[in-house]
Amino acid sequence: MRKTVQNLKVIANLRLNDDHHILRLQSADKLEQIHPGQFANLLVANSSTVFLRRPFSIYSVDYTLNTISVYIKIIGEGTRALSKAVVGSEIDTMFPLGNKFTLPTEKEKVLLVGGGSGVASLMSLAQSLHAKSNEVAILIGARSSKDLVELDEFSKFGTVYTTTEDGTQGVKGYVTNHPVLDLELSAFQRVYSCGPEPMMKAVAKKAKEKSIFCELSLENTMACGFGVCLCCITKTIDGHKCVCTEGPVFNINILKWEI
Amino acid sequence: MGDLTVNIHNLKLKNPVLTASGTFGYGLEYDDFIDVSRLGGIVVKGTTIHPRQGNEYPRMAETASGMLNSVGLQNKGAKYFATDIYPKLLKYDTNILVNVSGSTIEEYIACAEIINELDHIPGIELNISCPNVKEGGMAFGTSCASIDAVVSAVRKVYHKTMVVKLSPNVTDIGELARAAEASGADSLSLINTLMAMAIDAERRKPILATITGGLSGPAVKPIALRQVWEVSKSVKVPIIGMGGIMNATDAIEFFLAGASAIQVGTANYLDPMITIKIIDGIDDYLNRHKFSSIHDIIGGLQL
């Protein structure tokens, strides 16, 4: 659908743990297609300190209820204020923004690798891939078991693997320590990832070594979200690109990353 | 409905609301949100003769009631604009101005010459006030001698409306405004961003890769109003005011201070429909105060 700014009604504010919330926001209009990888830019109203909108991956879309969900990790004052959104209130939302993940045209075996709040951009992707009968594996890394959220939801769309840095759940260590991203990686035709940059670099390196198609969803600070401020750039083989419009999804072969 | 039309030299604006360079792309990015042709004019992204990659990342820092940027005139060059962008802008029924910048006087001249050839670009905004480039930019805009050198040189090759965009990072803006007027500026626009910086205390590092950047947003409005006021007392050419305009009331304040037109900048990031709301809000103000024309409030500050 084309980009729009609307007051969306908060119909649910789900607290996942101390610092993770999912807001479900309803449009008064019929939603047109929103693609996996796209994001929304939320205004933090009546804040004396937060000036700019805050970008969030669109976590899921419900075309029957005309809702989008965003996954919020509390980082600073903007995200804290949004995490306190009251059901029934409205949030000024600009969406859908950005490009999208490239989905396979034929059935493939695909691996999704998420770390931290990076899982936010992978839920709708997992859903879409599953709906097109791809064989989906989802590897999620976190600091500790309490940071692993929404695993049941992910498991509806594929096989879920986990790692934790403290070993409280799944394989101990980073996602790159998991066999699915190591010895078993050659079994996959595609890898998608979103998470902290060191993690995505490690994932990209693994995929590149085995010449597997790999797309990453990048995070960046943005002033506008629709390609006019030129603040959220990343270096590519074609020069600086805006993460908000030419991304957030980039193929690893385009990025000028030292991997 | 009040009369919102204003003239800036030879430009006939259907209303006094334009967009500030660097905050509105080429206008095309706003097609999803608004009818761009409703605007009095748009000033497209800063353009240089040679393509520029701009500065390193991070380029942006959010601050109290505003933000810093250090984009550094990232653009694909004047020839790319003429061949690839310009044809797409012909659909708009509004005044399209190109913001022209350079590192040397020769670069300003070469860029202005290319833009001069484009029939549907009725004017340029000469940017002698960008704080984010190492060479040229603001360096030209902070002394009377260098303003005279660059404005006079471009005046010789550019024959349509030439607006000169002034820097606020000066001691006496009235004096510099007079220098720009004497050198051939048809109009003056101000303010560009204020040189500023932001520091991450935890990391003990500057937030911007370039250490300093330009401050914009409502934080700068009082400074912008004061400088528009000073310039309006110093020159006869029309003034285009900008700096932290977030709504119609802010815009009215600039008209009262002496601006004949205004530009909306950073507010476009927060609300891409804000320019249309400001046009409607100005009209409401005129009706509410029973003014028949925008000219009734330009320079209309009651002292």
Turns out the strands (runs of 3 or more DSSP E) fully within the range B:11-110 with at least 3 residues that are crowded, with 17+ Cβ neighbours inside 10 Å are B:17-19, B:41-47, B:60-63, B:66-69, B:95-100
Over the range A:27-66, the set of residues within 17 Å of the chain's Cα centre (by Cα) and of a type in the set (Ser, Thr, Tyr) is A:Ser57, A:Tyr59, A:Ser60
If we keep only residues of the range A:108-130 that are open to solvent by 10 Å² or more (accessible area, probe 1.4 Å), modelled with pLDDT of 95 or more and among the small types (Gly, Ala, Ser), then the residue nearest to A:Pro198 (Cα to Cα) is A:Ser124
The range A:214-259: strands (runs of 3 or more DSSP E) wholly inside it with 2 or more residues that are over 26 Å from A:Arg53 (Cα atoms) are none
Just one listed residue, out of B:Asp284, B:Asp280, B:Asp271, is crowded, with 17+ Cβ neighbours inside 10 Å, over 26 Å from B:Val164 (Cα atoms) and either more than 14 Å from chain A (Cβ to nearest Cβ) or of a type in the set (Asp, Glu) (or both), and it is B:Asp271
In this structure, does B:Lys236 turn out to be among the charged types (D, E, K, R) and under 14 Å from the mean Cα position of the chain (by Cα)?
no
Conditions (1) within 17 Å of the chain's Cα centre (by Cα); (2) open to solvent by less than 20 Å² (accessible area, probe 1.4 Å); (3) more than 25 Å from A:Ile233 (Cβ to Cβ) -> B:Ile223 fails only (2)
Restricting the range A:220-253 to residues that are away from chain B (no Cβ under 12 Å) and buried (at least 23 other Cβ atoms within 10 Å of the Cβ), the one farthest from B:Gly25 (Cα to Cα) turns out to be A:Val249
Original post:
Does B:Val6 satisfy the condition of being touching a His at 6+ places or on another chain (Cβ under 9 Å) and more than 10 Å from chain A (Cβ to nearest Cβ)?
Top reply: yes
Here the residues within the range A:197-213 that are more than 14 Å from chain B (Cβ to nearest Cβ), within 14 Å of A:Ile259 (Cα to Cα) and outside any loop (DSSP other than H, G, I, E, B) are A:Pro198, A:Met199, A:Met200, A:Lys201, A:Ala202, A:Val203, A:Ala204, A:Lys205, A:Lys206, A:Ala207, A:Lys208, A:Glu209
Counting only residues that are assigned to a helix (DSSP H, G or I), under 21 Å from A:Gly173 (Cα atoms) and hydroxyl-bearing (Ser, Thr, Tyr), the range A:121-155 contains a total of 1
query: Hey, any hits in the range A:23-36 for a residue that's touching a residue at least 40 places away in the same chain (Cβ under 8 Å), away from every other protein chain (no Cβ under 11 Å) and open to solvent by 60 Å² or more (accessible area, probe 1.4 Å)?
result: yes
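The values are calculated or read from the model by the stated rules, or taken from the named source; none is laboratory data. Worth saying up front: this structure is predicted, and the values here are computed from it rather than measured. Using ideal geometry, Cβ is built from the backbone for each residue, glycine included, and neighbour counts are taken over all protein chains shown. Side chains are part of the model used for accessible areas, which takes the heavy atoms of the whole protein and leaves out ligands, DNA and RNA. Shrake-Rupley method; radii C 1.70, N 1.55, O 1.52, S 1.80 Å.
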